[in-house]
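The next block holds one structure in the form of structure tokens; read it before the comments.
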Amino acid sequence: MTIIILEIQIILTPLVSPLCAGVINKIKARLQNRKGASIFQPYRDLWKLLHKDEIISRDASWIFRIAPFIVFSITLLIGASIPLFTSFLTNTLTGDMLLIVYALAIGTFFLALGGLDIGSAFGGFGSSREMTLSALAEGGFIFSLLTIALINGTTNIFAIANADIFLHGKYLFPTLLAFGGFLVVLLAETARFPYDNPATHLELTMIHEAMILEYSGKKLALMEWASFNKLFIFLALWVNLFFPIGLAYTPGVITISMGIIIFMIKIFLGVLLIALLESSMAKFRFFRLPDLLLISFILNAIAIGLIR
Amino acid sequence: MLEIITSPISFFILLSLFFVGAIGSLLLRKDDDSANIWSNFFAIAGSLWGLLFSVATIISEHTAAFLVNGSPFPLLSFSFNIDLLSAFFIFIISLIALFCSIYAVGYVRHYYQKYNIGALGFFYNFFILGILLVLTASNGIFFLIGWEIMSVASFFMVIYDRDDQENVKAGFLYLVMTYIGTAFIVVAFLLLYKFIGSFDFVTIKSGVALLPIGAKNIIFLAALIGFGVKAGIIPLHIWLPAAHPAAPSHISALMSGVMIKTGIFMMMRLFLDILQPIPIWWGIVVLIIGIISSLLGVLYALTEHDIKRLLAYHSIENIGIILLGLGSALIFSSLSMPALAFLSLVAALFHTLNHAIFKSLLFLGAGSVINQMHTRNMEEYGGLIKYMPQTAFFFLIGSMAISALPPFNGFFSEWLTFQSLFQGIAILDSSMRWLFILAVGALAFTGGLALACFVKAFGSIFLARPRSTEVTHAKESPRSMLIGMGALAMLSFLFGIFSSQTVSLLEKIGRSFDVLQKIPETILVSNSQGLMIENSFSSVSGLTFLLSLVGALIVVAIIIDLIINRSQKIKIGATWDCGTDLNPRMEITSTGFARSIVVIFKGILKPSIQHTIDYSDSESRYLPRTRTVSLGVGDVYKSYFYQPILTMITSLSMRVKNIQSGNTNIYVLYILIALLVSLFSIL
Amino acid sequence: MFKLFLKIFKTPSNIIPLQNKDSDQAGIVAVGKKIENKVKKLFRGSLTIRQIDAGSDNACEQELVALSNSFYDIERFGIHFVASPRHADMLLVTGPVTRNMAEAVKRAYEATPEPKIVVAVGDDAIDGGIFKDSYAVLGGVDSVLSVNYQIPGNPPTPKKILFSLLNILENLDKKPVILK
């Protein structure tokens, strides 16, 4: 039984993340009065990319070649280390929230280096903007996780997910503030509106896309999949850490299935919110974004101050 | 066996190895090659002996306190006290000096026929000797002798490359700042002597109750300023970005990795050991200094395009992080929470060790690059990864370590610092809580900004296409330099994986402090898997992370490369350039990379842009010939801090100068007044 | 923001549905190397298009842009436009290739990984169209690249382009596209 649960835990993130991106695109299309691509379209895209050939620039070094693998493996590892649908899997080895933050930073590091490696104009400034936003978002990220850690008295993510729901009820207001702060950071780190438009064609407005302009074939598939995984991981952290309702407390077929279903519903709600946000606001000018991240930081600082 | 290794005789052998290396190098100064080999051989031998000595002392806990008779003055006694803290710092210096000396064998060849290699070897060995004396002296005047040896030797090495006038100016600034610091240290020691009656540290420690509160606070401030100048805290840091780039690279590595840590060492010794019990505001001041230094250090580093100045500012940032740990240790110890103080101290000690390793690695890498490129300006690099692949790999590991990316060592010491600050937020009450919240914010932002800075540094130096033709002539460094760097990179990796074993040794050092002796329950537990904080059940394991990452990489690589679409063809083509030719001017520059962050923080950094336009026709202004844009960062410290002090001192001196009127009659009047005053005071 | 969502829900759907008889409208011409069925099968679910303007008068670009609106909605077939040739499967070239753009078009072609399809859209791209025999153009895309398909028209309507693309992928012949 435990083996099956572990298998699901490891496979769930890469399996379901393209579906999340597909659902966001479908909802946005519907709101634009179109039919839109099917929700399984990202799977087809990835499959096709894996079967294409590649062209690699002669200026690129081994960092360009290795970056997609590292970025993707990091997202796999983190996806398996966070609570998705269970809270009884104790993970004292890689389940620390600071490890999650800095492991995701490894992914950003290699992504930015991959963008710089090719020496084109777009990759360079894509990396510059990405590192600027990531540096500022990391403060908000650690702070919102710190709020939850202080409420629960531990920085181990599984222990937080295992906590009593009434504990969070006592600290409802700080939790909500940190929830909002985390949403801002989520949008920053997953390159969504108002930080970045994932569907833009104008290189001057790209942040995440600019760094992967030069990738093709399998490496591009890995990079795209890694960005879907990152979206899924942030959504999972968002819905499971702040409101750990519906996680399976004990192993058993009923509880596990209920856990997975409730988790999917929560993720769907998060996805719906992101799609609605993307359909109703425009992308911000780049130098307004640090103000937004500062707002997230202040929200979280207030939340911490309100605890006890 | 361990008795012999940790005995005083062994320590004197250690000192004499460096002494012989110094004198012999000076005697061999006519022959560059033999002076180089002699000085580095003895430095390597001394470092190996020092490693053996310090590790044996820490493991066996045989501390030694001994005295050498025969001092010519009654106040000066050649007394040594090698306790666990000193042994730890001796370990750090031996480790770094070992690899810097191995590196120097190949690096110094660059200076043959230009300067005197024998003199370099002489000062290098005396520098290490001075540091060893500073770390083990137990008498204030003896300590100052060692401090002087260290400062003077490093001054001569900073101005070693004296063809460049900038280096000489930097050396002068370094000398002035060091002596200002030494003056404050002397004030602190003199005050201690006045109230307790001895320069001996052991006597001072037992007699600390004799100090009145006012004097104790003044001693704290004097010691903070004095040792802070050496450590490079803001605003006393102005010598660091000037002096560290000027020195030869292995000296910069030693200065940045070890010498500034002697300031931290004495702060730990004085504030946590000798002057206990301490008021709480001392810890608050140190914590605030840590917050400011870490944030401002990394922000200034982002504005730099000189590679060694960038690394020097990162040293300031990491000293700030160490002071965050030290400050919280001081706060917890004055609030009688020894378990938490222990945690913070262990975090500070671990970060000291880690910073020494990865900073030296980065400086040695920078030195290799500068050797080949003959310029420190990062804007002229680019694409070096194809010409210097091993150096690039080691620099990458150093960059990942300093940005606190797991599984390297920087992550674990920052994790411990975070945990100690979290505990502070959880346990303390409201006024102190906000200080710790600010500290966590500073640490979080520092980590992110350091990551951005090293993407910029690594990307500008090694990636993309060459920005100047010098790059195409670059060759990989000689083998001794690669061995030095490679060993440090391996250590950075190993200390990260085996962080729990390292921390358990550091716990011994922490427990050797009197104030941390009685800990009701241990909070920090390091088991075989990883680090764990007991009362909040947080844990992290480097080895597991590494193994799972490698496992995931292998699985992904196998599935993607070998299983799916084996018939894929990979072609090498040109970069997609939108149809135009790409020239190196189109790549992003290191200044451009960081410009967004500089503009975001323009309140702190005060960036300035100056345009100068040279027109073809001076009458009309339609046809510019050249246009120069200078981007600068406002120098806040000189204008708001040092310039007013300088102006005040100068104006005071001008007023006092009026006493010297040159008129002999006035001087006779002065003698008469002095005689009258002394007569009246006796009567 | 509520007014926006109210407006969204009140607007009726105006998408143009797909009917088999419209495939006759597709005036596609196959030239050059034939595309293998294997490739077409690969791209049937997901096709990325990079559109290159080789000096066109922007008439075809307007029609191509119209493909993404709510009437034609090319995304529902899994086709979407991308910014970089490295990500593209199909290069849609419009305009007679002017002398200044010849090199750029060639580089874009070389930057696209295999397997790839080159389609010339509009009369200008096929043989120069209204700019035929001008000194400034090289006269049609086939003077610089090997074209696989041509879609005639000046400019072809979005409906025609859409059905031609689907025809290229042989969606309509092999498999009826079921849309809801």
Checked the stretch C:77-131 against the a/c 1.5 cut and the a/b vs b/c comparison, axes a ≥ b ≥ c from its Cα gyration tensor; verdict oblate
Amide H contacts under 5 Å for B:G573, restricted to residues at least 5 apart in sequence or on another chain and with H modeled in the peptide plane, are A:I56, A:S57, A:R58
Distance in nm between B:V555 and C:F5 label points, each 7 Å along Cα→Cβ, equals 4.0
Of the candidates A:L133, A:Y195, A:A226, the farthest towards the positive dipole end of chain A (Lys/Arg Cβ +1, Asp/Glu Cβ -1, centred on the Cα centre) is A:Y195
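Working from the alpha-carbon coordinates of chain B, get Rg over Rh, Rh being the Kirkwood radius. Numbers along the way, then the final one.
Values: Rg = 27.1 Å, Rh = 27.0 Å.
Rg divided by Rh gives 1.00.
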With bins of 20 Å, the percent of all Cα-Cα pairs of chain A per bin from 0 is 33, 59, 8
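Fewest to most neighbouring Cβ within 10 Å: what's the order for B:H355, B:H374?
Numbers: B:H355 28, B:H374 11.
Fewest to most other Cβ atoms nearby, the residues stand as B:H374, B:H355.
What do you get for GluC sites (Glu not before Pro) in the stretch C:70-120 restricted to DSSP loop and a cutoff of at most 12 other Cβ within 10 Å of the site's Cβ?
Numbers: sites: C:E75, C:E103, C:E110; in loops: none.
Loop-located and lightly packed - none at all.
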Note: A:102-110 gets an average of partner chain Cβ contacts (10 Å, Cβ to Cβ) equal to 6
Checked against the positive end of the charge dipole of the protein assembly as shown (+1 on Cβ of Lys and Arg, -1 on Cβ of Asp and Glu, about the Cα centre), the farthest of B:S328, A:L146, B:M268 is A:L146
Phi-derived 3J(HN,Hα) across the stretch A:219-224 with the Karplus relation (6.51, -1.76, 1.60, θ = phi - 60°), rounded Hz, x for Gly and Pro, is 5, 5, 4, 5, 5, 5
About its Cα centre, the protein assembly as shown carries a charge dipole, from +1 on Lys and Arg Cβ atoms and -1 on Asp and Glu Cβ atoms, whose size in debye to the nearest 20 is 1420
Log10 I(q)/I(0) at q = 0.15, 0.18 Å⁻¹ for the stretch B:382-485, from Debye over equal alpha-carbon scatterers, is -0.72, -0.88
Looks like chain C, by Cα gyration tensor root eigenvalues a ≥ b ≥ c and the a/c under 1.5 rounded cutoff (else prolate when a/b is bigger than b/c, oblate otherwise), is prolate
Once the dipole of the protein assembly as shown is set up from charges on Cβ (+1 Lys and Arg, -1 Asp and Glu), the residue from the list B:I289, A:F263, B:S206 lying farthest towards its positive end is A:F263
Taking chymotrypsin sites (Phe, Trp or Tyr not before Pro) in a DSSP loop with at most 13 other Cβ atoms within 10 angstrom as exposed, one finds the longest site-free stretch of chain B at B:113-621
The lysines whose Cα lies under 29 Å from the Cα of B:K602, excluding any fewer than 8 residues away in the same chain, are A:K283, B:K169, B:K230, B:K308, B:K359, B:K456, B:K638
Which residues qualify? For C:I117, with a placed amide H closer than 5 Å and at least 5 residues away or on another chain, they are C:M90, C:L91
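Enumerate by residue number the chymotrypsin sites (Phe, Trp or Tyr not before Pro) in the stretch A:209-308 meeting two conditions: DSSP loop (anything except H, G, I, E, B), and at most 14 other Cβ atoms within 10 Å of the site's Cβ.
Working: sites: A:Y215, A:W225, A:F228, A:F232, A:F234, A:W238, A:F242, A:Y249, A:F263, A:F268, A:F284, A:F286, A:F287, A:F297; in loops: A:Y215, A:Y249, A:F284.
Answer by residue number: A:Y249, A:F284.
Could you work out [θ]222 nm for the protein assembly as shown from helices alone, using -39500 (n - 2.57) per DSSP H run of at least four and dividing by all its residues? Round to the nearest 500 deg cm²/dmol.
On the way: 44 runs with 719 residues, N = 1171.
Rounded to the nearest 500, it is -20500 deg cm²/dmol.
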Under a Gaussian network model of chain A whose springs join Cα atoms within less than 10 Å, the largest fluctuation of A:S280, A:S120, A:S87 belongs to A:S280
The ³J(HN,Hα) series, computed from each phi in the stretch A:280-290 with the Karplus coefficients 6.51, -1.76 and 1.60 at θ = phi - 60°, rounded to the nearest Hz and given as x for glycine or proline, is 10, 9, 9, 5, 7, 4, 4, 7, 8, 5, x
Classified through the alpha carbon gyration tensor (a ≥ b ≥ c as square roots of its eigenvalues; rounded if a/c is under 1.5, else prolate when a/b is larger than b/c, else oblate), the stretch A:14-163 comes out oblate
Across all Cα atoms of the stretch A:100-159, Rg and the largest Cα-Cα distance (Dmax), in Å, are 15.1, 47
Highest mean packing first, using Cβ neighbours within 10 angstrom, the peptides A:188-195, C:59-66 sort as A:188-195, C:59-66
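So how strong a dipole does the stretch B:611-683 carry about its Cα centre when Lys and Arg Cβ are +1 and Asp and Glu Cβ are -1, to the nearest 20 debye?
160
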Taking Cα pairs closer than 8 Å and at least 6 residues apart, the relative contact order of the stretch B:276-562 in percent is 23
Sequence order, the stretch B:49-55: Karplus ³J(HN,Hα) from phi using 6.51 cos²θ - 1.76 cosθ + 1.60, θ = phi - 60°, Hz rounded, Gly and Pro as x, gives 5, x, 4, 4, 4, 5, 5
Label model pair B:I572, B:I59: point-to-point distance (7 angstrom along the Cα→beta-carbon line) in nm is 4.9
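Output the antiparallel fraction of DSSP beta bridges having both residues in the protein assembly as shown, as a percent to the nearest 5. Show your work: numbers first, answer last.
Working: 27 of 48 bridges.
Taking every DSSP beta bridge with both residues in the protein assembly as shown, the antiparallel ones total about 55 percent.
How big is the dipole moment of chain B about its Cα centre under a simple scheme where the beta carbon of each Lys and Arg is +1, that of each Asp and Glu is -1, and everything else is neutral? Debye, nearest 20, please.
On the way: 39 positive and 34 negative charges, 147 e Å.
Here chain B has a charge dipole of around 700 debye.
Mind checking the stretch A:254-286 for trypsin sites (Lys or Arg not before Pro) that DSSP puts in a loop (not H, G, I, E or B) and that have at most 11 other Cβ atoms within 10 Å?
Answer in residue order: A:R285.
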For chain C, the longest principal axis of the Cα atoms and the Cα long axis of helix C:158-168 enclose an angle in degrees, to the nearest 10, of 80
Here the stretch B:611-683 gives, from Cα atoms, an Rg and Dmax in Å of 28.4, 86
The stretch A:184-308: Kirkwood hydrodynamic radius (Cα pairs, Å) comes out at 16.8
Proxy exposure order for A:C20, B:C100 (fewest C-beta within 10 Å first) is A:C20, B:C100
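Kindly work out what percent of the DSSP beta bridges joining two residues of chain C are antiparallel, to the nearest 5.
On the way: 3 of 19 bridges.
Close to 15 percent.
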Across B:546-555, the residue-averaged tally of Cβ atoms belonging to other chains within 10 Å stands at 5
Its Cα gyration tensor gives the stretch B:46-187 an equivalent ellipsoid whose semi-axes in whole Å, largest first, are 29, 22, 12
Cα-based Rg/(2.2 N^0.38 Å) for the stretch B:276-562, rounded to two decimals, is 1.08
log10 I(q)/I(0) for the protein assembly as shown, Debye formula on C-alpha points only (no solvent), q = 0.05 Å⁻¹, two decimals, reads -0.39
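Computed from the coordinates by the stated procedures, all read-outs in this text should not be read as laboratory data. Keep in mind the model is a prediction, meaning the values are calculated, not measured. Methodologically, a virtual Cβ is constructed for each residue, glycine included, from the backbone with ideal geometry; neighbour enumeration extends over all protein chains shown.
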